[in-house]
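S.K.: Once you've had a glance at the structure underneath, I'll fire off some questions.
The values are calculated or read from the model by the stated rules, or taken from the named source; none is laboratory data. From a predicted model like this one, the values you see are computed outputs, not experimental measurements. Here the Cβ positions follow ideal geometry from the backbone for every residue, glycine too, while neighbour counts run over all protein chains shown. When the accessible area is computed, the model is the full protein with side chains, heavy atoms only, and any ligands, DNA or RNA have been set aside. Shrake-Rupley method; radii C 1.70, N 1.55, O 1.52, S 1.80 Å.
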Amino acid sequence: MAFVSSMPAFSAALVALAVLRGAFAAPQLKTQPEVIAGGELKAKVLAASEGIPAATPQAHHYIMTRGEEKKQVKMYAPEDLWRKRAYAGAWKDRKGNVMRLARVKSLVPSFEGAHAFEEDIVKGLDELEKSFKGDDAELDAWRKAWGGDGVGRFFVAKNGIRYYVEFDFAENVKDADAQKMLKAFVRSVSTVVSGGGGISSMKWWESENDLYKFMTDLDKAKGGKFVKDTMRLMDAMRKAYETYVPPQKKVGKCTVRVFRSIDGYRGYLSDNNTGMEWSCGLWDPSREELLVAADDREQALNTMRHEAFHQYLHYATGNGHHATWFNEGHACFFENVKYNPAKNTVKVVDEGSRAQYVARRVELIAAAIPRVMAKSYQEFYGGTSDDLQVNYCASWAVVYFLEKGAYAADEFEPYRGVCAKYLELTAEGMDALEATKRALASVEGRDISADFIKFWTKYRKRALNAR
């Protein structure tokens, strides 16, 4: 009996030992090689990992002045474009361990200033690649420019390209184990022949039309329809943006990056020092891409309609410094629409969380409208979460009133030109808050708070079909 009764304890000890060993097991590579480096290679990547997309280089906007002529231009840090060209793949596992693979083709071109034009940087990179020998001195300089605390090594693949692979461990990994992983990876590398097939490690793919380019790691079989349908919806949204806020400049193809998980979205923000990790979607003007997590598809669409207006306004006006009431108010204005897939059209409606909040607190929001229209960017986003809620809802309310409510009754006719006048003045270079004051001059003597309450309580239904 004693022998039999001791068996469970003995088995439990073995299980505990196995768990303990698992907890401290060094990271591993996958058992099967996958297609990496944009199809250049096959190799075994970090086990239980997901691909990290290459960061979009950050643009730095400057105003160039020649006499009275002013022109906004984009410039980049040479290192950012160098890293983009060097990128061959990156993977992160659940424990935070990261594996990176880079092409080693040149050093970073140098310029007098911190930033330079893209074409000049590209030309510099091309010239440096022609002269790059890859001797010890150059490789040492390359490694210093690459930076980081990872454990890595250089190697040349059969395709003739030199690479650098490194591991940046979140866990306490022995140097001997790290070196084993580096050697195992290099041994697993083979050159992909044309039409060789195989599983792609990155899982990222692209789809585009005339207006939008979508990049996503959604499963192509299951997420393909969502991307296709969303791109079609966003085409209809673009027409709505253009109807209410006519473009002053040509709006080119806009980039949208859709993450299948909130963890992937937040990891991308963290890796690229974007901030805003608490969010589920945003428009990043410095990298010119709209980012959104697609865990909740309905929320993703709502977020996309909002953030895509910020993106549109950036290109349509060539101005990244609009009054916050105008920018956020219109973005909220487009959050809730009725979509007709047969005609591929949208109709702006007074539904959603903003409208519900206003309906419960009409007088509070009406009183806040003049204050919110006068707030700077810092004032708008400062204060408590309750203050921010009021700011957003008041912005939605005044934009809804100006864009639709003013057309619901003739007595509000003076308000119909406020948004157009604001855009005209900012296009001339006027400060956004001063442009707001001048645009409101057409309704001087009117009480916008009282007029909003009258509209909301008497003419709200009429506004649904206005414009």
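S.K.: Which one, THR191, GLY148, VAL122, is farthest towards the positive end of the dipole of the range 103-202 when Lys and Arg carry +1 and Asp and Glu -1 on their Cβ?
M.R.: THR191
S.K.: Now a separate question. Using helices alone, what [θ] at 222 nm do you get for the chain, with -39,500 (n - 2.57) per DSSP H run of 4 or more residues, divided over all residues and rounded to the nearest 500?
M.R.: Helices in the chain give a 222 nm mean residue ellipticity of -14000 deg cm²/dmol.
S.K.: Around ARG103, with a cut-off of 12 angstrom between Cβ atoms, what is the net charge of the other residues, counting Lys and Arg +1 and Asp and Glu -1? Provide the component values of the computation, followed by the final result.
M.R.: On the way: positive: ARG83, LYS84, ARG85, ARG100, LYS105, ARG162; negative: GLU40, GLU129.
Neighbourhood net charge equals +4.
S.K.: What's the carbon and sulfur percent of the chain's accessible surface, probe 1.4 angstrom, rounded to a whole number?
M.R.: C and S fraction of accessible area: 52 percent.
S.K.: According to the square roots a ≥ b ≥ c of the eigenvalues of the Cα gyration tensor, what is the shape class of the range 105-195, taking rounded for a/c under 1.5, prolate for a/b larger than b/c otherwise, and oblate for the remainder?
M.R.: Note, shape of the range 105-195 comes out oblate.
S.K.: From the square roots a ≥ b ≥ c of the eigenvalues of the alpha-carbon gyration tensor of the range 324-467, which class results: rounded (a/c under 1.5), prolate (a/b over b/c), or oblate?
M.R.: Rounded shape, in that the Cα axes give a/c under 1.5.
S.K.: Past 19 Å, Cα to Cα: identify those pairs from LYS30/LYS95; LYS74/LYS253; LYS338/LYS404; LYS239/LYS347; LYS42/LYS183; LYS70/LYS123, in the order given.
M.R.: Exceeds cut-off: LYS70/LYS123.
S.K.: Sticking with this structure for a sec: Apply the Karplus curve 6.51 cos²θ - 1.76 cosθ + 1.60, θ = phi - 60°, to the phi angles in the range 133-139 and return the couplings in whole Hz, x for Gly and Pro.
M.R.: For the range 133-139, the Karplus-derived couplings read 8, x, 7, 4, 5, 5, 5 Hz, x marking Gly and Pro.
S.K.: Distance in nm between label sites at ASN340 and HIS61, each 7 Å beyond Cα in the beta-carbon direction?
M.R.: 3.5 nm
S.K.: For the range 154-169, in order, what is each residue's ³J(HN,Hα) by Karplus, 6.51 cos²θ - 1.76 cosθ + 1.60 with θ = phi - 60°, in whole Hz (x at glycine and Pro)?
M.R.: Running phi through 6.51 cos²θ - 1.76 cosθ + 1.60 with θ = phi - 60° gives 8, 7, 10, 7, 5, 7, x, 8, 8, 10, 10, 10, 9, 10, 10, 8 Hz.
S.K.: Turning to a different aspect of this structure: Work out the P(r) tail for the range 274-314: percent of alpha carbon pairs separated by more than 16 Å, whole number.
M.R.: In whole percent, the long-distance tail amounts to 30.
S.K.: Let me spell out the model: positive unit charges on the Cβ of Lys and Arg, negative unit charges on the Cβ of Asp and Glu, origin at the Cα centre of the range 228-280. What dipole size does that give, in debye rounded to 20?
M.R.: Dipole about the Cα centre, nearest 20: 340 debye.
S.K.: Turning to a different aspect of this structure: Only one of the listed values, (1) 39, 25, 19; (2) 50, 30, 20; (3) 62, 32, 18, was derived from the coordinates as semi-axes √(5λ) of the Cα gyration tensor in Å; which label is it?
M.R.: (2)
S.K.: Relative contact order of the chain, please, whole-number percent, based on alpha carbon pairs below 8 angstrom and at least 6 residues apart. Don't skip to the end; give the middle numbers.
M.R.: Working: 693 pairs, mean separation 48.9, N = 467.
With pairs under 8 Å counted, the relative contact order is 10 percent.
S.K.: From the Cα gyration tensor of the range 244-343, with a ≥ b ≥ c the square roots of its eigenvalues, which class applies: rounded if a/c is under 1.5, or else prolate if a/b is larger than b/c, or else oblate?
M.R.: Judged from the Cα gyration tensor, the range 244-343 comes out oblate (a/c at least 1.5, b/c at or above a/b).
S.K.: Name the residues whose placed amide hydrogens come within less than 5 Å of the amide hydrogen of VAL192, ignoring near sequence neighbours (fewer than 5 apart) on the same chain.
M.R.: Under 5 Å from the amide H of VAL192 lie the amide H atoms of LEU41, LYS42, each far enough along the sequence or on another chain.
S.K.: Another question about this same structure. Spelling out what I want: for every residue of the range 213-225, take phi, set θ = phi - 60°, compute 6.51 cos²θ - 1.76 cosθ + 1.60 (Karplus), and round to whole Hz; glycine and proline get x.
M.R.: Those phi angles translate into 10, 9, 10, 8, 10, 4, 4, 5, 5, 8, x, x, 5 Hz.
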